[in-house]
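The values are calculated or read from the model by the stated rules, or taken from the named source; none is laboratory data. Since the model is a prediction, treat every value here as computed from it, not as a measurement. Here the Cβ positions follow ideal geometry from the backbone for every residue, glycine too, while neighbour counts run over all protein chains shown. We work out accessible area using only protein heavy atoms, side chains counted, and drop any ligands, DNA or RNA first. Shrake-Rupley method; radii C 1.70, N 1.55, O 1.52, S 1.80 Å.
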Amino acid sequence: MGQRPITLSLAGKGGFCDHTFMKCGYGFLLFLLVGCSTADERVQSRRMQNNKSTEKIYRLSHEKVYEEKEQKLVKREPYPWENAADFPKITMNMLRCRGCSSNKERTRGDKAFTDCNGMKDHGLPYVDGEEFVYPVLVSLLNKVQNSLNKKVVVTSGHRCPKHNDYLNLGKSRISKYMIGACVDFFIEGMENDAEQIVEEIISLYKEDSDNYCHFTKSKSSKGTPSWRNKEISISIQKEGEHSILYKKDHPVLSISVRYDRQKGEHVHLDWKHAYQGFIVH
């Protein structure tokens, strides 16, 4: 019988096809490249170690790198020509929202709060076709500034919903700040004399009619004092926007409007006016 030639096939089940062989080739090449790169890094690292040199620095026992001096805040004395007339007049623009998108993110539990971008994002509350804050706030601040002959510094006025959430960490969904009915401030040179400023405000109301000149004093559950008459409420705030954003450790005064003289009605705070009462740019 004649012999038949035997043919070996590398394809099919159990064999190596050209595609598999190419994969193995690429893998081996990648291994060589990675190995060479790692070897080069090791050589470079050894060279850097060998080229290192150290030198000891000697100092005498009494020597110091620098002398640390206690920092003291020295307030400038006013110039002779400076008086109340020279202080900036308090205007509605000073009560605009002070949010800033670059402010650091704040958290409460697993929820994060970011700030708005203030007047770049939105305007003041919009009432009857124009921007609005309660006029008594602007008027009172100017009167106090003139009567005390000291500068009033506004730390917080209108707050949009996002800025309000950022400051309160979502605890207070609505506030009178959101409708332009509240302002926080302090007076330069009287940062720790809040009650004296309250007395000055009360004395200004004594010139008013009997409906508004009578104030009653009370304390909150936290022991914070407050004074109120028919039109406004005054409280001393130890924590707030001034301490969070401006790192001020002294208290500020907060005035909120209770009664609208012009309309002859109490100030109402509701979701619609707080969340939809301003124009977004």
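Miscellaneous remarks
- Neighbourhood net charge (15 Å Cβ-Cβ; Lys/Arg +1, Asp/Glu -1) for Asn93: +2
- Highest mean packing first, where packing is the average number of other Cβ atoms within 10 Å per residue, the peptides 45-57, 221-233, 177-189 line up as 177-189, 221-233, 45-57.
- Extended-chain gain in nm, criterion 0.36 nm per residue less alpha-carbon gap, Lys69 and Asp208: 44.8 nm
- Approximate spin-label separation Cys100-Gln44, in nm, with each point projected 7 Å along Cα-to-Cβ: 4.1 nm
- Per-residue SASA remark: Leu245, around 40 Å² accessible (1.4 Å probe; ligands, DNA and RNA not included).
- Between the amide H of Ser156 and those of Asp184, distances stay under 5 Å, these residues lying 5 or more places away or on another chain, with hydrogens modeled in the peptide plane.
- For the residue pairs Lys75/Lys150; Lys150/Lys230; Lys104/Lys272; Lys171/Lys217; Lys75/Lys219; Lys176/Lys272, alpha carbon separations beyond 22 Å are given by Lys150/Lys230; Lys104/Lys272; Lys171/Lys217; Lys75/Lys219.
- Take every pair of alpha-carbon atoms less than 8 Å apart whose residues are at least six positions apart; their mean separation over the length of region 148-241 yields a relative contact order of 22 percent.
- Contour minus Cα-Cα distance for Lys52 and Gln276 (0.36 nm per residue): 74.0 nm
- Charge context of Glu188, other residues only, Cβ under 10 angstrom, K/R +1, D/E -1: +2
- Cut-off 10 Å between beta-carbons: net charge of the residues surrounding Leu253, Lys and Arg +1, Asp and Glu -1: -2
- Highest-first arrangement of 157-170, 193-206, where packing means the average Cβ count within 10 Å: 157-170, 193-206
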